């Protein structure tokens, strides 16, 4: 207790009015946008009822068409593995070219532009383009996922390379090593564990996307899934969804194992 | 700006042993930013064998000077003559060929942390072996045998399979020196090799560097902050301040007045 009040009020945390106004504006806009799109309480409860009927029709899952499902899943798996393999193979040079600490600006900026271009569309949109360009089937799906892989993995590769210790690179360069020699002995050891992590992540991501490119004609389980939806065979839909979930979980285990091998 | 005082030079008149292996620096200038030179016209001759210590305050251009020699830093102007070549003029393949005969030892060792000790040593052969051999780790038997011998000689027998990030500072610096020797260098540059080490290890590291200079009869140039270590191990001392050389002579000729000229002030000498 002090006898006299201190002349200047001591404020430990000054109110941030800019942030408060920002939050308020965001809240107002969310409400406005919701009303524009016709959201209402009745619409919501109606939706719940509809959802209930949908769920009831899904059970029990119907694995009767297992040959069709297995064929689709196998094709999706092949699409994912091939797309990941070539996607990463192409991402290695592209990522290296985009790394600003090893590459002069006149190379790295065009490389970054190319990566941004690959990343600017959702894989589904790219898949539609490829289906239109080269026809229905797994090849279009593979190409679409390669583009998607380059878009993500090159950027992550470039960023990993930009974070390496240049001291180690300098030491290797000082031995008279050429550019490639510096890469394999000075750069690659530093980035390898992270590259493995990105690669397994991309395999995971491609597995998920490969189940989807089929919807637009890019091959894989997506086609069967879409057909089942359209025929209201919701029990078959559930069967396919369960299989996709278990596939992703197996992939999770495998990628964790791969990461440990290369630590 | 202080005018460049003539360096106090003791023995430039006497014949230098191994003249053809000497490193001659002529009028070397380096500006990282235009109009702000770090090195202001350095003229120096490093004798063809023996350990030369470069002392001087931080930021005076010692590191820049030795990095100009192997061209990790590109000099702005001047000549660096070594074994009949002007290192300042080299580029591309010629520069890499010259670099592989110039070993370098770093203050923070700069080992490739995730490679084993053996792989780090073999980095010293990258200028000689084709890239595919390095990539597949198919180094020539002779190089591998030499690497094992070198590990024994720097006091690290049995460390070949250890990863560099598992070593202590002193052990890392031994690997760093062994890597430089793997290059079969005609000269070794050491940039403050003992600054990150304890006093006892520092002495051991300087001992190894001095031994290399003797056994291989090559010049070893060491940037160093510790004047006592410089006096003890160097056969020649170069004192720099503000981008100039202010002392160039034998260790016993280095007086308190010289140290005052190099570092400025005198309270630190008490």
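The values are calculated or read from the model by the stated rules, or taken from the named source; none is laboratory data. Worth saying up front: this structure is predicted, and the values here are computed from it rather than measured. A quick note on method: Cβ atoms are made from the backbone with ideal geometry, for glycine too, and the neighbour counts reach across all protein chains shown.
For the reader, a short list of remarks on this structure follows.
- Per-region count, region B:115-142, residues within 28 Å of residue B:206 (Cα to Cα) and more than 23 Å from the chain's Cα centre (by Cα): 3
- Note on region A:153-206: among residues that are surrounded by fewer than 22 Cβ atoms within 10 Å (Cβ to Cβ) and part of a loop (DSSP other than H, G, I, E, B), the one that is farthest from the other protein chains (Cβ to nearest Cβ) is A:163.
- For region B:182-195, the candidate set comprises residues that are more than 12 Å from the chain's Cα centre (by Cα) and within 12 Å of chain A (Cβ to nearest Cβ); within that set, the residue that is nearest to residue B:103 (Cα to Cα) is B:183.
- Test set (1) more than 9 Å from every other protein chain (Cβ to nearest Cβ); (2) under 25 Å from residue B:210 (Cβ atoms) - residue B:98 fails condition number: (1)
- Count of residues meeting criterion [surrounded by 15 or more Cβ atoms within 10 Å (Cβ to Cβ) and either touching a strand residue (DSSP E or B) at 6+ places or on another chain (Cβ under 6 Å) or assigned to a helix (DSSP H, G or I) (or both)] in region A:208-240: 22
- Per the listing A:246, A:205, A:255, the residue uniquely out of contact with any strand residue (DSSP E or B) (no Cβ under 7 Å at 6 or more places or on another chain), at pLDDT below 85 and in the same structural domain as residue A:90 (by TED's automatic domain parsing) is A:255.
- Figure legend. Inter-residue proximity from region B:129-141: first residues more than 10 Å from every other protein chain (Cβ to nearest Cβ), second residues in a helix (DSSP H, G or I), beta-carbon distance below 6 Å, spacing 6+ or different chains. Indicated pairs: B:139/B:122.
- Residue match in region B:196-213 (condition: in contact with a helix residue (DSSP H, G or I) (Cβ under 7 Å, 6 or more places away or on another chain), away from every other protein chain (no Cβ under 14 Å), crowded, with 22+ Cβ neighbours inside 10 Å and in a loop (DSSP other than H, G, I, E, B)): no
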